[in-house]
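Here's the structure we're looking at; comments come further down.
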Amino acid sequence: MVSTAAGLVGWPYFFWHLKSRGFGESFRPRLGIQLPAGPLPQGSPRLWLHGVSVGEIQAVIPLVAELRTLLPRAAFIISTGTETGQMLARKHFSPQGALVCYFPLDIPWAVRRYLDYLRPQVFVGLESEIWPNFLSQAHRRGVRLALVNARLSDNSLRRFVKYNRYLSGIFNLYDVVAAGSLPDFQRFQRLGISPSRLNLTGNLKYDRLLQGRDESRLQEFRGFLQGTETELGQALGPVWLAASTHPGEEELVVDAFQELLAPYPALRLVLAPRHPQRAPDLARLLARRGLNCQLWTGLKSGRATRTPAVVIVDTIGDLFTLYGAADVAFVGGSLVPHGGQNILEPAAWGRAPIYGPHMGNFRWAKQILEEAGAGIMVHDAASLAQAVRQLLDSPQEREDMGRRAQAALIPHQGAARRQAELIAGLVA
């Protein structure tokens, strides 16, 4: 009853939220008005894997590969909550024969219609997918439930403990909870999840990082960014990537960049906003600062050559390789209170990341790099400029820190296989 009332009251806000961000395709499917298009995939067991957005879908890739090895006759359904995640899922999984669709909002009629239509035998949620109505309905239908790469922040733990009498029953609907890190495992223990259901497997994103590097693509991207001396009218300079940035951070990045142009006049900035549809906003910001820019799509397609000092990344799925093409990397969502982004992505390419103090969602990653002496925390534009210059002034230090950052990932391999074995065990 509560879920129904929330759905009726909240759908106008949901629609406005999508439209304000330039989206809208997911509105009807997520409300359950429009069911997934296309025939259901054939095979058994039928596995439904759900990741909210781009990061989770990227993490699903090695997991699905391991599941195909363990369950060669399985049929796959891949769902997302965002339209950017949907684009990546369609690109990667549709050619493999998977059904790619949106995940319904947690309201009874939407959940019921999806479960009736998709008829999964196993549902696998990634990271922090706690949908009480969905989990309850799926459990009553006999669907086996797994939460993998499971993540629980300190803030979420405090909220969940407050309502633990109700939520402990919800969490224990999962047959398997596979924690992505030791701190997450310990937080889930405090929620009272049955020890027989809780596992420590490591994080899928470790596997994706080291296994997902494409050297030929890296060389291609480097060629796009380097341009030629004739095009630039000056000697080629280093590349600084500011990745996954949010409003309020880009201004600090541009401040730091303009400060660095004095000692490094040929420095090039690659600015990759967390939401690529914000590219026009960043172009206007740069214009106000007197900086010329161009879009990554123009370079990547060959329609443009590398000339301005700043490139704005306006695509999905290219950021990981761009880390490898850069000399120095700043990871956003961290100078403003958004909880950070995955600082292990540049580490996989041997780049020691620079990041801000707001890393609440990636404390496990920050700890790994800090223990290896392979990350730099900054707090404002001045310290950001200082950190970038430190790495540019000292190539040997930059190389040594990058090597330590990459080496820190190696002991954590194998999470995809361990999590796939737990899922396969549900249908043994």
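Each value in this text was obtained by applying a stated rule to the coordinates, not by laboratory testing. Values in this document were obtained by computation on a predicted structure and should not be read as measured data. All Cβ positions, glycine included, derive from the backbone under ideal geometry; neighbour counts span all protein chains shown.
Quick notes on this one:
- Label-point separation in nm, Ala382 to Ser128, each point 7 Å along Cα→Cβ: 3.3
- Working from the Cα coordinates of region 275-359, the gyration tensor eigenvalues give, after taking √(5λ), semi-axes of 23, 17, 12 Å in decreasing order.
- Long-range amide H partners of Val177 with built H, under 5 Å: Leu147, Leu198, Asn199
- Region 157-215: relative contact order as a whole-number percent, Cα under 8 Å and 6+ apart: 35
- Per-residue [θ]222 nm for the chain (sum of -39500 (n - 2.57) over DSSP H runs n ≥ 4, rounded to 500): -14000 deg cm²/dmol
- Computed from label points 7 Å out along Cα-Cβ, the spacing between Arg140 and Arg113 is 1.9 nm.
- Exposure proxy order (Cβ contacts within 10 Å, fewest to most) of His139, His50: His139, His50
- Kirkwood Rh (inverse of mean 1/r, distinct Cα pairs), region 215-408, angstrom: 16.5
- Think of each Lys and Arg Cβ as +1 and each Asp and Glu Cβ as -1; about the Cα centre, that makes the dipole of region 215-408 roughly 360 debye.
- Candidates Gly248, Gly332, Gly32: whichever shows maximal mean-square fluctuation once the chain is modelled as a Gaussian network with Cα springs under 10 Å: Gly248
- Spatial extent of the chain: Rg and Dmax, with the Cα atoms as the point set, Å: 22.3, 68
- Linear extension gain, Leu261 paired with Gln367, 0.36 nm per residue minus alpha-carbon span: 34.9 nm
- By the compact-protein rule of thumb, 2.2 N^0.38 Å, the alpha-carbon radius of gyration of region 341-428 corresponds to a ratio of 1.34.
- The chain, relative contact order in percent, only Cα pairs under 8 angstrom and at least six apart counted: 14
- Computed from backbone phi with θ = phi - 60° and the Karplus coefficients 6.51, -1.76 and 1.60, the 3J(HN,Hα) list for region 197-214 is 9, 9, 9, 10, 10, x, 9, 4, 5, 5, 5, 4, 5, 6, 7, x, 6, 10 Hz; x is used for glycine and proline.
- In terms of the mean number of neighbouring beta-carbon atoms within 10 Å, the peptides 206-215, 71-80 order highest first as 71-80, 206-215.
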